[in-house]
Amino acid sequence: MKTMQLVYSPDEDGNVELKKKLQRIMPTQIQDIIATTILLLILPIGFSIHYLYVLPTWYPVMGEAWVIRAVAIGLGIFNVYTNWFFMVKTGPNGKHSMLPNVVKPGFKHCHSCHSMSPPRAHHCPVCDVCVLRRDHHCSFGGVCVGHFNQRYFVAAVINLFLLTMPLVSYAWSLLNLKLAGGVSVGNIWQVMLPHLAWTFGFISFNQFAHVLLFVFTFTTSLFAFYLVTAQVFCLFKGQTRIEFLMEVHAYQLGFVENLRQALGSRWPFIAISCFIPSPLPTDGLSFVTREMFNLHTKDL
């Protein structure tokens with residue numbers, strides 16, 4: 001009697017593994033999907049408009065002046081999306097996908113995970129996992145920002161802010177050209193309420209579109225500035241956002257040392273490229289407190 005054997009091909013195993021990887025990096029929550037769509041679809045459309053329409057207003061496409069500015073802006077865009085990719089790929093816990101279920105000083109029991117949670121780790125209700133040195137949940141990628149991927153988040157928002165600043169200037173200058181007489185005190189309301197100005201015939205659809213382009217660019221830059229400011233504020237105080245809300249001050253080691261603890265030993269260079277290694281001084285399971293740091297400094 002012959003017996004049947006099930007044969008699994010390497011291709012099937014590879015497809016299953018690829019599917020699992022895609023499920024890990026693709027957002028599943030509605031707010032995460034919307035935010036990620038904005039980042040991966042709407043924002044590139046805006047950048048393309050600046051490349052192909054706004055800049056050529058003053059600089060001919062492929063001319064020297066256009067190329068210089070296009071390359072500089074392109075480098076910023078490249079840094080934003082490569083850092084975003086590594087932020088999602090690395091995750092806040094790095095290789096610690098399963099936290100050690102042990103009892104150590106400073107560990108606390110997480111009632112959601114039913115496991116022991118290290119110091120500075122907090123449970124994310126969206127990701128449904130305890131996150132090492134959790135800062136916040138980033139919807140632009142559907143991943144928490146924590147110990148092992150904060151450097152990529154910080155570098156991404158810095159690059160986004162730096163590249164949108166000149167774009168805001170270009171969009172404003174173009175808007176001044178398109179509005180009759182330029183933007184003035186008398187017609188500033190048309191910029192503030194463009195839908196009403198267009199509805200009642202004070203501006204054309206073409207002018208309305210230019211107002212939207214400026215508002216979109218300015219809003220993006222303003223949002224990036226807020227994210228940079230929020231990160232710098234917490235890093236200055238040696239806190240994550242959660243620790244700021246909980247008024248935890250045990251990890252304030254001074255601004256420079258706070259940066260090293262959170263962003264790695266090469267923190268001054270992380271905004272230049274995500275490919276520059278910046279090793280972290282801790283494994284995310286234990287951290288130096290202010291008392292420990294001061295005692296070590298006195299001993300030296």
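The values are calculated or read from the model by the stated rules, or taken from the named source; none is laboratory data. None of these values were measured; they are calculated from a predicted model. Using ideal geometry, Cβ is built from the backbone for each residue, glycine included, and neighbour counts are taken over all protein chains shown. Note: areas computed on protein heavy atoms with side chains; ligands, DNA, RNA excluded. Shrake-Rupley method; radii C 1.70, N 1.55, O 1.52, S 1.80 Å.
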Practice task
For H122, list long-range residues whose amide hydrogen, built 1.01 Å from N in the peptide plane, is under 5 Å from its own amide hydrogen.
Solution key: V131, R133, R134
Problem - Placed amide H near S117: partners under 5 Å, 5+ positions off or other chain - result: K108, H109, C110
Problem - Translational D in µm²/s for region 39-129 (Stokes-Einstein at 4 °C, 1.567 mPa s, Kirkwood Rh from C-alpha pairs) - result: 76 µm²/s
Problem - Size of electric dipole in the chain: Cβ of Lys, Arg +1 and of Asp, Glu -1, about Cα centre, debye, nearest 20 - result: 320 debye
Problem - Net charge dipole size for region 160-300 [Lys, Arg +1 and Asp, Glu -1 on Cβ; Debye, nearest 20] - result: 300 debye
Completion exercise
Longest principal axis of the chain (C-alpha) makes with the long axis of helix 10-25 (C-alpha) an angle, in degrees to the nearest 10, of 70 degrees
Exercise for the section: Please work out how much length the chain gains when fully extended from V185 to F200, using 0.36 nm per residue of separation minus the C-alpha to C-alpha distance, in nm with one decimal. Expected result: 3.5 nm
Completion exercise
Mean-square fluctuation maximum in Gaussian network of the chain, Cα pairs under 10 Å, restricted to T289, T217, T36, hits T289
Problem - Loop-located chymotrypsin sites (Phe, Trp or Tyr not before Pro) in region 182-226 whose Cβ has at most 12 other Cβ within 10 Å (DSSP) - result: F200
Exercise for the section: Give the ranking of F269, F86 by solvent-accessible surface, highest area first, calculated with a 1.4 Å probe. Expected result: F269, F86
Exercise for the section: Would you kindly give the portion of the calculated P(r) for the chain that falls above 31 Å, as a percent of all Cα pairs? Expected result: 45 percent
Handout entry: Scaled radius of gyration (Cα, divided by 2.2 N^0.38 Å) that region 85-191 gives
Key = 1.70
Exercise for the section: Take the chain, connect every pair of alpha-carbon atoms lying under 10 Å apart with a spring to form a Gaussian network, then pick out the residue of R241, R69, R133 with the largest mean-square fluctuation. Expected result: R69
Handout entry: region 65-155, relative contact order [Cα under 8 Å, separation at least 6], %
Key = 31 percent
Practice task
May I ask you to rank K95, K108 by accessible area, largest first, using a 1.4 Å probe over the protein chains only?
Solution key: K95, K108
Problem - Top of N149, N258, N187 by mean-square fluctuation, Gaussian network on the chain, Cα under 10 Å - result: N187
Completion exercise
Over the chain, with neighbouring protein chains present, the accessible area per residue in Å² at probe 1.4 Å is 58 Å²
Practice task
Would you tally the net charge around P119, using a Cβ to Cβ cut-off of less than 10 Å, leaving P119 out, and scoring K and R as +1, D and E as -1?
Solution key: +4
Exercise for the section: Mind computing the radius of gyration and Dmax over the alpha-carbon atoms of region 109-151? Å is fine for both. Expected result: 10.0, 29
Problem - Ellipsoid semi-axes in whole angstrom, largest first, where each is sqrt(5λ) of the Cα gyration tensor of region 209-300 - result: 33, 17, 10
